[in-house]
Amino acid sequence: MSEVQQITGVVLKDVSDGVAVLTLNRPDRLNAWTQEMERAYFAALQECGDSADVRVIVLTGAGRGFCAGADMQDLQDLGEGNIDSDAAANAQERRPQSFPQTIDKPIIAAINGPCAGIGLVQALMCDIRFAAAGAKFTTAFARRGLVAEHGISWILPRLVGPARALDLLLSARVVLAEEAQALGLVNRVIAPERLLAETIDYARELSVSCSPASMATMKRQIYADLAHDLPAALEKADALMFESFAAPDFVEGVSSFLERRDPHFAALGA
């Protein structure tokens, strides 16, 4: 077991046993989103994507919240037109909010508390979502005079369907974790005191038992096929299947099963 902790200001990074835990770290503000946090989070994701020491990524929030949405001071400055030229230039250079979907490793959100606005967008852009029982979710945008921002109009209907997506967007009502699970927003609801531990256990199981190359390919397939019809998806899947038969991970996967041992799959990254 190896463990390295790096503190990157508003985002903490902790790597152990192939699992990187990224923590949004503005607990006094319920981890409200800023451009500084966005740059730090996306940079940490890129580091994890490039590192052979990381096979799975967990995202959570410090303190009692996951991410309460955009920092209200930033929203106030936008409303009053207080944007300097440097801030405007930085906004033009921002990575898209869909950036997590381009990382070739599973990203699991451990939603420990309030999750709103752009914070909800970040959770939805993760591949899997576990939530603490009673955690609150809201799109928030309609109650701030905003629109369906940052790609939520693309991802939300694909998770819950158009009618439910419109309900959540138009009303901006608060949804508890239990309803969020029923709607399809989250995969599991877990007692708050066990949330992070159980999420990390799940991540470790992926790290130990599953081929990083297989998981990367599957993640690319899922997001690409959202824009493809079934015949195109089948054609691509068949081609990838035949490629996998010639890959070392297929041989190792079969051998480890027959020999009743954990597989030893090659890592992704530098």
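Some notes on this structure:
- Distance between the 7 Å Cα→Cβ label points at Phe242 and Ala142: 5.0 nm.
- Helix runs (DSSP H) in the chain reaching 15 Å along axis by Cα, Kyte-Doolittle at least 0.0: 195-209, 230-245, 248-258
- Heavy-atom accessible area order for Cys48, Cys210, largest first, 1.4 Å probe: Cys210, Cys48
- Note on surface exposure: Asp201, Asp127 rank Asp201, Asp127 by accessible area, highest first, 1.4 Å probe.
- Residue of Met37, Met218, Met241 that the Gaussian network model of the chain assigns the largest fluctuation, springs spanning Cα pairs under 10 Å: Met241
- Its Cα centre serving as origin, region 83-226 has a Cβ charge dipole (Lys and Arg +1, Asp and Glu -1) of approximately 200 debye.
- Rg and Dmax [Cα atoms of region 120-270; Å; Rg one decimal, Dmax integer]: 19.1, 60
- If the convex hull is drawn through the Cα atoms of region 135-206, its volume per residue in Å³: 107 Å³
- Exposure rule at most 14 other beta-carbon atoms within 10 Å, DSSP loop GluC sites (Glu not before Pro): the chain longest free segment: 94-258
- Calculated FRET efficiency for the pair Arg64/Ala197, C-beta based, R₀ 22 Å, to 0.05: 0.85
- Legend: calculated FRET efficiency, Ser256 to Glu205, from the Cβ-Cβ distance at R0 = 22 Å, rounded to 0.05, equals 0.90.
- Proximal charge balance of Ala132 [Cβ under 12 Å; K/R count +1, D/E count -1]: +2
- Rounded to the nearest 20 debye, the dipole magnitude of the chain is 680 debye, with +1 charges on Lys and Arg beta carbons, -1 on Asp and Glu beta carbons, and the Cα centre as origin.
- When Rg and Dmax are taken over the Cα atoms of the chain, they come to 19.4, 66 Å.
- Rounded to the nearest 20, the Cβ-based charge dipole of region 157-270 about its Cα centre (Lys and Arg +1, Asp and Glu -1) stands at 260 debye.
The values are calculated or read from the model by the stated rules, or taken from the named source; none is laboratory data. This is a predicted model, so every value here is computed, not measured. Here the Cβ is made from the backbone with ideal geometry for all residues, glycine too, and neighbour counts use every protein chain on show. For accessibility, only protein heavy atoms count, side chains too; no ligands or nucleic acids. Shrake-Rupley method; radii C 1.70, N 1.55, O 1.52, S 1.80 Å.
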